[in-house]
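Shown next, in structure tokens, is the structure this report addresses.
The values are calculated or read from the model by the stated rules, or taken from the named source; none is laboratory data. Predicted model, so just to flag it, every value in this text is computed and none were measured. Glycine gets a Cβ as well: all are built from the backbone with ideal geometry, and neighbour counts include every protein chain shown. Only protein heavy atoms, including side chains, enter the accessible area calculation; ligands, DNA and RNA are left aside. Shrake-Rupley method; radii C 1.70, N 1.55, O 1.52, S 1.80 Å.
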Amino acid sequence: MAPFLIRAAMSLLLPAVTAVAACAPDSPPPATVQATRPTQTDAAQVPDPNSVATAEASPATDSQGYGPNDESSEAKPRGVLRIAQARDPTSCDLPMAQATSYQSVHPCNPMLSQIVRISTDDHSAVIPDLALSWETSSDGAEWKFTLRPDATWHNGRPVSADDLKFSLDRVITPPEGLTIGRAGVIARYVPSTDMVSTPDTATLLVQTDFPAASFLPNLASVYVSIYPRAETEELSPPSMMQFSTVIGSGPFTPGPATRGAVYSLQRNPQYYEPGLPMLNEVRFLVMPHPATRMAALQTRVIDTIAIVTEPEAMVLEQDFAGEVNVYRSPSAGGNTVQLNLSRPPFNDPIVRRAVALAFSRADADLALGPGYDGAILPPGGPWGLSEEELLKLEGYGDKNAERDQARKLLAQAGYPDGMETSIKTQATPFFQTLAEFAAGQLSTVGIRAEVTTVEPVEYQRIIRSGEFEIIAHSHSFPLDDPDSILIDHYSCDGNENFPGLCDPELDRMINRQSRTLDAAQRKTILDDIQRSIWHANAKIWFQWSSRRTPVLSNVHAMEPGGSSLYQGRRLERVWID
Amino acid sequence: MSASAHYLIRRAALSVLTLWLITIIAFALLRIAPGDAVLAAMARSPGEMSLSAAAMEERRADLGLDRSYAAQYLSWLGGLLRLDPGASIATGLPIGPEVAPRIAVTIQLALLSALTAGLAGTLAGVAAAAWKDGPFDAAARTLALAALSAPAFWLGLILVLALAAWANIFVAAGYRPIWDDPAANLTRIMPAATVLAARPAALVFRIVRISTVEILESDFIRTARARGLTETRILWGHAFPAAALPGITALGVQTVFLLSGAVVIEQVFGLPGLGRSLTEGVLTRDYPLVQFLVLLFGFFALLTNFTMDAVYTRLDPRVRLAA
Amino acid sequence: MMKRFVASGATRAGLVIGLCLVLMLSIGPQMDETDGRGDLQNTLSGPAWPHPLGTDQLGRDALARVARGLRGSLLIGISVALISGVVGGLVGLASGFWRGWPDLLLQRLTDALMALPLLVMALAVIAVTGPTRAGVVIALSVAFTPLVMRVVRSSALALQQAGHVEAARASGATDWHVIAAHLSPNALAPWAVVVSTQVGGAALAEASLSFLGAGPGGDASLGALLGGEAQTYAFAAPWLIVWPGIALALVSVSANLIGDGLARSASPFSRRN
């Protein structure tokens, strides 16, 4: 606790001291917190994102009937887990747009179940949930899910196949007054509710429009959570599903909640996985200020925070070693600058190339905290480019040489003395740092960029209407899945294709990989897609972020099991000693 | 009808007129801002939520945002007259139940701060006047100046961080309603109320101090001294009651400030009050919620002003001339 | 009056602090040798020579940034005080002098505006103008004008009943003459007190706006420094929030002391502050 005071006191006293002792400049700088880049090899070996998690969890526990943790002899299956987050959950209707944010997903997920789900320990694995098993037809366009017999809703009613059909139907055709969110990708594979049927109460049949490689992972996404038909239909349409009104079939039931302060989840003794959950209660505390969340963790008022900044993570590691563990994992998201392709100067691919060459990944690690090397799909997962392939990309070469080349390219494009441009970003702290960092990088090749911050709501308008030259923007993907990333971000009419990249050949390739069931073959197409998008230099990924999750050391099984901030947060196996 | 009653009725009528003006301002405030609730929902979780243009249009129609401003205003006003402020856009919940528990938090915070400020300011003011130009006076005046000058959220932040680091105490979480657990409630709200009280306390202190100094030098006190009263008796029996009134006046003027300050302090201390709802509402362009909250804040401010007027009219009928 | 103003020790302290701040404005930016781009090898380092206040997340000199932020805060404070002072002063004077229905209407509008929490109103105005320095100035001017208007109006009201004004009236002076020769000079003192303290008030309000996410970005003001990313490093780099906070408090201290000095030297209104 004292180190903070020492730092604070030094920050007050030192200016006076140094002003006097200005002539003794070689005294060591006190209390220096300096971000260090993980060694190249760390970043290179990222492909296993679950270094901690997979090492401990045996593959056998992954399939079904989770036994208690492998350290079960020491596990004391009781206790209260306290988690701080900045905002209230908006809604627990996870398929719908209003509940997209992780601040809604995290508190609601432990109350809900899915047909199949993403493994907590490995986000690239799909494991059984309400469906114990599934099979596909030989053409891969028909799916038969067999339900477990023992699952019940929190009110005691058994979960039937009809509830599953109801939940899928409302993802395909959302009810009046609600707007579909990230679950909407399902409708791409299953465009009509007629394609979902229930021959009996324990079987769900789903036909897909085409043999879709991404259907199962997207079905397993937390955004396709399952709700009971009768009880959900009773909710009056405009009213969204609130935390306290959730009836799910997950390991926890809604407990007392005070908006703006605390959301409590109580152990569901009827949960279908025997012996789970390990905790008696999970409490989500709403703390709007980042510094107070840190103070709460240090005083052990809370057990964990979903994300902290790199400098704070380092403080925790240095000053609270042994008390707090900080888990670092690649995050399916990161930092970009995006160039407007529809007007000069960035309609010129040569100028775009110069911009891309200006960015140094090492600089980004220094300024924004260490991240991971990657291309277009998240590093560390099944689809990201290998280290060997990455190094062949432009931008991963010798930085000085690349920047020289960038200046030459600019001259070639008609800007021998560099150029003026503007970077717009939204007026929130992190985005602004991104933009200022980007401006600094561009200045190394003679591009003088003025940073303009825009009110966040106005910013949403301008990025969609293309009223910018460059934006500095950060993305966070729901799932490390090619379809859910590529279609939105890089197809001609993608929701988040802010630069306006439109290449019919690319769209055809995206379509093709979507229908390629063989994983190896699909990966080959995806590698080509990634190289193609990378060299279009429209959305320039200069850093894939690292997620830093601090957890008190007496809390177990909280390690992030993969790159998604959203998946695998059911908390059923977390225990406290 | 007495003149003062007549005056109060006129004041009440004017307050209703003012309240109506506030409904117009409240309605217009967010509508003149660019973007709308649909874009704002995406702005709230940038990089997370994204809708297609068609989905955005559909959502606007669902929310009735495609109607004319006049139609939207009239339907809101009609709802208010039927005591139905509508539903929040962000949560879809009716605004009444959403706001009701928050009123208690903010009112409690404001009242506790006012009480703290009044008490601390008055006592310190009288004491400083009694020992005018002494060390206590100098210290209190310096402290008051500092309290007037430091931003409240910054003071709060430093307090939370320093307490956590130094005493391992965390004071910014786990609000409990006072009827649930009074002790827990007070330990959560008092730190915030104290920080919020710093500025009004300093203002009350200055006014009470200068009034007491003037009174202590007045003929009336000289007479009291001549009658042989003790200094303590003079100070607390004569000077203090006379100096307290301007102090209370200053406090009354600060009430609106307290409500405004609560917006920021609730954010730092994580209290689930009206202010946080309001900030969140402005950022998400939650029109119905913000309109109602602005109206509510306006109502509280007018109520305070009106009550103070009423009290003065009782105390001193001449006040109405100045008004 | 000038003599009494400068004579007080507190006022002198206020002036000295103000001068020091201005001095810092001119020296501070010299500390930055990287043209505002920062030195990425030296991010978030604690206070040590050659960065007496440390560096920020992009390795930029914190002293230079505090100085630039200070310049922004002073600009905002002074602009808001002047705009709200001039507009509020003129409208308040007219409204208090001529009375009638425009006065009644203005009073209701002032009531309504003053009943709204300042920050909420400013948040909404900034949504329109965008989070720039100019936007903040407009927002805070709108929010601060009613107070000036009310103070000036009430002194104009009180003065009308004063002996010398009634005498001037009786001797046939025009409205304009009464306003120019009698009301304005006497309403000037309370006006100056309110306006001078508003420099600090506006700088503080701007910081609150930034804290709520509606201020200008970067180092455009001290509030921008306090409300920016530094908050998420409060434990790792406390110097990034401690120093801008102190600088902001000093702006306000200086404005308050000068305002107090004005109040004392303009005696009959000494209690208004």
Quiz item: Which whole-percent values make up P(r) of the range A:228-335 when all C-alpha to C-alpha distances are grouped in 5 Å steps starting at zero?
Solution: 2, 9, 15, 15, 15, 16, 14, 8, 4, 2, 0
Quiz item: Using a 1.4 Å probe on the protein chains only, how many percent of the accessible area of the range C:68-272 belongs to carbon and sulfur?
Solution: 70 percent
Practice problem: With a 1.4 Å probe on protein heavy atoms only, work out how much accessible surface C and B bury together, total over both chains, in Å² to the nearest 100. | Solution: 3700 Å²
Practice problem: Kindly provide log₁₀ I(q)/I(0) values, in the same order as q = 0.06, 0.08, 0.10 Å⁻¹, from the Debye equation applied to equal alpha-carbon scatterers of chain A. | Solution: -0.32, -0.58, -0.91
Quiz item: Relative to the longest principal axis of chain C, what angle (0 to 90°, nearest 10) does the C-alpha long axis of helix C:100-115 take?
Solution: 30 degrees
Quiz item: Rounded if a/c is under 1.5, else prolate if a/b is larger than b/c, else oblate: which is the range A:487-540, with a ≥ b ≥ c the root eigenvalues of its Cα gyration tensor?
Solution: prolate
Practice problem: Can you quote the Å³ per residue value for the convex hull of the Cα atoms in the range B:86-145, rounded to an integer? | Solution: 97 Å³
Quiz item: Rolling a 1.4 angstrom probe over the protein heavy atoms, how many square angstrom per residue are accessible across the protein assembly as shown?
Solution: 37 Å²
Practice problem: Rounded to the nearest 10 degrees, what's the angle between the helix C:62-98 long axis and the longest principal axis of chain C, both from Cα atoms, 0 to 90? | Solution: 10 degrees
Quiz prompt | Average Cα contact separation per residue, the range C:68-272, under 8 Å, 6 or more apart, as relative contact order % | solution = 30 percent
Quiz item: To two decimal places, what compactness ratio does the range C:68-272 give when its Cα radius of gyration is scaled by 2.2 N^0.38 Å?
Solution: 1.16
Quiz prompt | Neighbourhood charge, 14 Å Cβ-Cβ cut-off, centred on B:Gln108 and excluding it, Lys, Arg +1 and Asp, Glu -1 | solution = 0
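What is the dipole size for the protein assembly as shown, taken about its Cα centre, with +1 at each Lys and Arg Cβ and -1 at each Asp and Glu Cβ, in debye to the nearest 20?
5620 debye
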Exercise. Indicate the residues belonging to the range B:232-269 that lose 20 Å² or more of solvent-accessible heavy-atom surface (probe 1.4 Å) upon moving from the chain alone to the assembly of all protein chains, ignoring ligands and nucleic acids.
Key: B:Val256, B:Ser260, B:Val263, B:Val264, B:Gln267, B:Val268
Quiz item: If one takes the accessible area of chain B alone plus chain A alone and subtracts that of the pair, with a 1.4 Å probe, what total in Å², rounded to the nearest 100, results?
Solution: 4100 Å²
Quiz item: Expressed as a whole percentage, what fraction of the accessible surface of the range B:55-139 belongs to carbon and sulfur atoms when a 1.4 Å probe is rolled over the protein heavy atoms?
Solution: 72 percent
Quiz prompt | Taking only Cα atoms of the protein assembly as shown, radius of gyration then Dmax in Å | solution = 31.9, 111
Quiz item: What aspartates and glutamates sit close enough to A:Lys523 to cross-link, taking a C-alpha to C-alpha distance under 13 Å and skipping anything fewer than 8 places away on the same chain?
Solution: A:Glu389, A:Asp481, A:Asp483
Self-check item: √(5λ) per eigenvalue of the Cα gyration tensor, chain B, largest first, Å
Solution: 44, 27, 15
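Assuming R0 = 30 Å, can you tell me the calculated FRET efficiency for the pair B:Arg82 and C:Trp98, based on Cβ-Cβ distance, to the nearest 0.05? All intermediate terms of the calculation are to be shown ahead of the outcome.
On the way: r = 41 Å, r/R0 = 1.37.
FRET efficiency, B:Arg82 to C:Trp98: 0.15.
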Quiz item: Which value, in square angstrom to the nearest 100, describes the accessible area buried between chains C and A on both sides, using a 1.4 angstrom probe?
Solution: 3400 Å²
Quiz item: Working from the pairwise distances between different alpha carbons, so that the mean of 1/r is found and then inverted, what is the range A:501-577's Kirkwood radius in Å?
Solution: 16.1 Å
Quiz item: Around A:Ile447, what is the net charge, scoring Lys/Arg as +1 and Asp/Glu as -1 over all other residues with Cβ under 10 Å from its Cβ?
Solution: +1
Exercise. Kindly report, to the nearest 10 Å², the accessible surface of C:His51 as traced by a 1.4 Å probe over protein heavy atoms only.
Key: 40 Å²
Exercise. Output the DSSP H helices from chain B with an along-axis C-alpha extent of no less than 27 Å and a mean Kyte-Doolittle hydropathy no less than -0.5.
Key: B:3-31, B:95-130, B:182-216, B:240-269, B:287-315
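Counting only protein heavy atoms, what percent of the accessible surface of chain A is carbon or sulfur at a 1.4 Å probe?
54 percent
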Practice problem: May I ask for the equivalent-ellipsoid semi-axes of the range B:99-283, computed as the square root of five times each C-alpha gyration tensor eigenvalue and listed largest first in whole Å? | Solution: 36, 17, 14
Self-check item: chain B: most fluctuating residue of B:Leu245, B:Leu115, B:Leu14 per GNM, C-alpha cutoff 10 Å
Solution: B:Leu14
Practice problem: Mind listing, in residue-number order, the residues in the range C:200-236 that have at least 50 Å² less accessible area with every protein chain present than in their own chain alone (1.4 Å probe)? | Solution: C:Leu204, C:Phe211, C:Leu212, C:Glu229, C:Gln231, C:Thr232, C:Phe235, C:Ala236
Self-check item: Local electrostatic count at C:Ser184 - Lys and Arg +1, Asp and Glu -1, tallied over other residues with Cβ under 15 Å
Solution: 0
Quiz item: In the range B:10-27, what residues drop by 40 Å² or more in accessible surface going from the chain by itself to the full protein assembly, probe 1.4 Å?
Solution: B:Leu14, B:Thr18, B:Leu21, B:Ile25
Self-check item: Acute angle (nearest 10 degrees) that the helix C:9-27 long axis makes with the longest principal axis of chain C, alpha-carbon atoms
Solution: 50 degrees
